[in-house]
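What follows is a single structure, written as structure tokens, with notes after it.
The values are calculated or read from the model by the stated rules, or taken from the named source; none is laboratory data. These numbers were taken from a predicted model, which means no experiment stands behind them. Here the Cβ positions follow ideal geometry from the backbone for every residue, glycine too, while neighbour counts run over all protein chains shown. The area values use the complete protein model at the heavy-atom level, side chains included, leaving out ligands, DNA and RNA. Shrake-Rupley method; radii C 1.70, N 1.55, O 1.52, S 1.80 Å.
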Amino acid sequence: MTHDNKLQVEAIKCGTVIDHIPAQVGFKLLSLFKFTQTEQRVTVGLNLPSGELGRKDIIKIENTFLTDEQVNQLAVYAPRATVNRIDNYEVVKKLMPTLPDRIIGVLRCPNGNCISRFEPVDSSFAVKQRADGVHLKCKYCEKEFEHQVVLNND
Ligand code: CTP
Ligand code: ZN
């Protein structure tokens, strides 16, 4: 290699780096999880070259740490993400999301007749591992959808 392009977004002193987000998904995570609704500095890299994925997105949120629960909520969007906790410029912890039992509040039910679309309630989907992949079952209408159908619905 003739030049080092490893650090593509400035290093942070303290906070969270969500790395290895599939390209095109970073923007979605920012809006769904409201990562920008903070006073803290948020830096974002989109479509960065990445060995494994071809292209990746990265999100860095200063002085903010995600709970294990919050990390797991990322799993359906970014199953291979790495969530790094940074302290004094060092990576002190690396978490990989694992599929949670339930996804609450971030998704919209694809069923146009579902009560959750008309009432002020948090959406809620049970996560089901099926033979053909991950399915999401709405708590309100009890319909089950292939996960991509729900993800593409907002
Ligand atoms: N990082 C950062 N600020 C720091 C330290 C690290 O923004 N002070 C970022 C790095 O740029 C990288 C991520 O945090 O995107 C993880 O850092 P590190 O574990 O050092 O990188 P890798 O070994 O490449 O991580 P992985 O093995 O998860 O690919
Ligand atoms: Zn529903």
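Restricting attention to strands (runs of 3 or more DSSP E) lying wholly within segment 1-87, give those where 1 or more residues are modelled with pLDDT under 95 and open to solvent by less than 50 Å² (accessible area, probe 1.4 Å). Show your work before the answer.
Numbers: elements: 15-22, 42-50, 54-62, 82-87.
In segment 1-87, the matching strands (runs of 3 or more DSSP E) lie at 15-22, 42-50, 54-62.
Filter segment 91-127 for residues that are farther than 30 Å from LYS13 by Cβ, more than 14 Å from ligand 2 (Cβ to nearest atom) and either more than 18 Å from the chain's Cα centre (by Cα) or assigned to a strand (DSSP E or B) (or both) and give the result.
Residues satisfying the conditions are PRO120, VAL127.
Quick one: PHE125 ticks every box in (1) open to solvent by 30 Å² or more (accessible area, probe 1.4 Å); (2) over 18 Å from THR16 (Cβ atoms) except a single one, so which number is it?
Result: PHE125 fails condition (1) only.
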